[in-house]
1. Excluding B:Ala80 itself, what net charge comes from residues whose Cβ is under 12 Å from its Cβ, given Lys and Arg +1 and Asp and Glu -1?
2. Please sort B:222-231, A:218-227 by packing, taking for each peptide the average over its residues of neighbouring beta carbons within 10 angstrom, highest first.
3. Across the residues of B:94-107, average count of Cβ atoms on other protein chains within 10 Å?
4. Kindly point out which whole DSSP H helices in chain B project their C-alpha atoms 18 angstrom or further along the helix axis while averaging a Kyte-Doolittle hydropathy of 0.0 or above.
5. Could you compute the FRET efficiency for A:Tyr24 and A:Ile241, with r as their C-beta to C-beta distance and R0 at 41 Å, rounded to 0.05?
6. Please name whichever of A:Val208, A:Gly95, A:Ala50 sits farthest to the positive end of the charge dipole of chain A, dipole taken about the Cα centre and charges placed at Cβ: Lys and Arg +1, Asp and Glu -1.
7. For chain B, calculate the relative contact order in percent as a whole number, restricting contacts to Cα pairs under 8 Å that are 6 or more residues apart.
8. So what's the back-of-envelope 222 nm ellipticity for chain A, counting only DSSP H runs of four-plus at -39500 (n - 2.57) apiece and dividing by all residues, rounded to 500?
Amino acid sequence: MTGGGARIWALHAAVLVVVFAAQYWLSPYHATNLARIMVLAVFAMGYNLAFGYTGLLSLGHALLLAAGMYAASIPAQLWGWTAGPALIAGIAAGGLMAGAVGLLALRTAGVSFMIVTLMFAQAGFLTILYFAPVTGGDDGFALPAASRTILGFSLATDTPRFLAAFGLFASGLLASLALVRSSFGRTMVAMRENEERSRMLGYNPFTVKLAALVISGLYAGGAGAAWALLFGYAGASFASIQYSILPMLYVLLGGAGTVLGPFLGAVLMFYLIEFASDLTSAYLFIVGLALVILVLFAPKGILGTIRERWARWLP
Amino acid sequence: MAAVIESPLIETKGLTLHFGGLRAVDGVDFSLRPGEIHALIGPNGAGKTTFVSLLSGRRLPQSGSIRLAGEDITRLPAHARVRKGIAYTFQITSIFPRLSVFDNVALAVQSRGARGVTVKTRAALARVGLEGLEGQEAQTLSYGHQRLLELAMGLALAPRLLILDEPTQGLAASEIEGFKALVRSLVPQTTVLLIEHNMDLVMDLATRITVLNFGRILATGSPAEIRADKAVQEAYLGA
């Protein structure tokens with residue numbers, strides 16, 4: 001985590017340049033896919049800060065995604081908020097929800113933590129269904145076009161949508177990089193590696209983990225809000241268990257505890273699912289197979305393996 | 001000569017922790033004078049590690065009290081005691097195996113404040129003779145070096161009380177000489193409480209010794225007094 005600063009920043013800047021430039025050579029279809037992937041990658045980056053760096057294996061991140069999604073889309077629907085304030089509301093809601101869940105769930109650890117976060121997320125999912133008149137329940141609702149504007153640009157059109165997704169992604173990536181290279185990042189990793197030793201160095205594990213979870217929630221909330229605002233739809237399915245598992249898959253595939261891993265994992269998993277669902281309706285079978293192969297041959301994920309073998313400096 | 005009675009750095013009264021029928025720590029009244037090197041000895045299972053766990057807050061007592069410089073810390077959680085200046089180094093080396101040597105010590109340094117982490121980390125490493133290894137992953141160090149890393153983490157906390165639980169276990173004879181000099185250089189700014197089985201080292205290094213047996217204090221005194229104590233000889237020194 002020390003040294004190699006210039007090389008590390010240069011690598012991440014280069015990745016951002018390539019992603020930004022991709023809009024000029026990708027077809028509109030794939031450019032829109034990339035916008036979706038960038039939003040999902042923000043979600044996964046948040047998950048990675050909790051799971052990959054701090055060692056908090058949550059099965060309830062769908063709740064944080066949905067908190068951001070509804071905190072952005074309900075005010076947009078009811079009161080005509082535009083994208084800027086709605087996004088801020090979504091980010092804040094993700095953080096607040098993570099804080100509330102963390103205060104209770106962080107009294108547990110390990111498997112209990114997984115179960116408690118899963119239960120919270122299921123409770124949130126059922127709550128969204130229960131308040132169907134406001135949330136749209138399973139069907140969800142489409143956001144009014146008037147709300148999907150930022151600085152006068154319509155997020156329903158390709159270029160502003162790509163740029164908005166890129167802006168969120170780039171901020172998330174750089175913030176994540178700065179965080180894991182900071183002294184707090186070192187403390188997060190210390191929790192993952194040896195909590196008891198960290199305690200005996202004067203750190204309160206509860207507050208460190210709560211802070212990491214809240215930061216993770218800010219990412220998830222931002223991603224949920226952005227999804228609704230960029231793609232015009234909010235629905236209960238985003239609070240379902242599937243959206244708690246997805247970021248974990250992205251992170252495991254790309255490499256838990258690597259800054260670029262969540263994005264790489266999101267790209268590959270997105271296209272793997274697309275490719276597999278072209279072949280068969282049982283596409284989850286192929287996804288499952290890919291994961292089994294991954295766990296057997298590269299349990300640290302792609303970038304985790306690269307870091308271990310060839311590039312120890314990779315953050 | 002007028003004896004100057006200094007108020008103790010640590011004082012326990014009636015400290016007790018039983019595990020079922022096992023009286024691991026049984027009504028211990030103990031005090032540490034500021035600036036001393038105090039050794040805690042006793043047969044295996046005498047309750048030494050449990051006793052220092054109570055001091056450091058890794059365990060809470062069933063009854064009794066602990067005061068740090070007059071302040072009651074009996075119920076204070078471990079991490080808060082570290083911030084008040086009680087550092088504990090583990091008997092079984094407990095480092096961050098997959099982090100670099102630098103990061104291990106930096107974690108101790110930065111828990112006291114964000115300023116000058118690099119300089120202070122390097123200073124702590126140099127003090128135990130691990131300079132030059134800072135980029136290495138901690139788990140790749142030799143066992144002796146891991147013990148020294150553990151010690152550097154304790155030092156980097158700049159504690160008022162440093163508790164060393166069998167610090168020389170696994171060190172080579174040459175490393176033990178360096179260790180002695182290092183501990184001597186810590187006092188009187190830091191008070192040292194040492195659990196140790198190496199009697200030559202204890203007799204040489206300690207200013208006072210407390211003998212624990214079956215969770216109780218058998219004797220406390222200077223090395224000469226302890227050596228001459230009949231009860232200690234029977235229970236422990238085997239003379």
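1. Within the 12 Å Cβ shell, the charges total +4.
2. A:218-227, B:222-231
3. 5
4. Counting only whole DSSP H runs, the qualifying helices are B:143-156, B:173-186.
5. Step by step, r from the Cβ atoms, then E = 0.60.
6. Going by the charge dipole, the pick is A:Val208.
7. Relative contact order comes out at 26 percent.
8. Computed mean residue ellipticity for chain A: -24500 deg cm²/dmol.
None of the figures in this text is laboratory data; all of them are computed from the coordinates on show. Fair warning: this is a prediction, and the values are worked out from it, not measured in the lab. In this analysis, Cβ positions are derived from the backbone assuming ideal geometry, glycine residues included, and neighbour counts consider all displayed protein chains.
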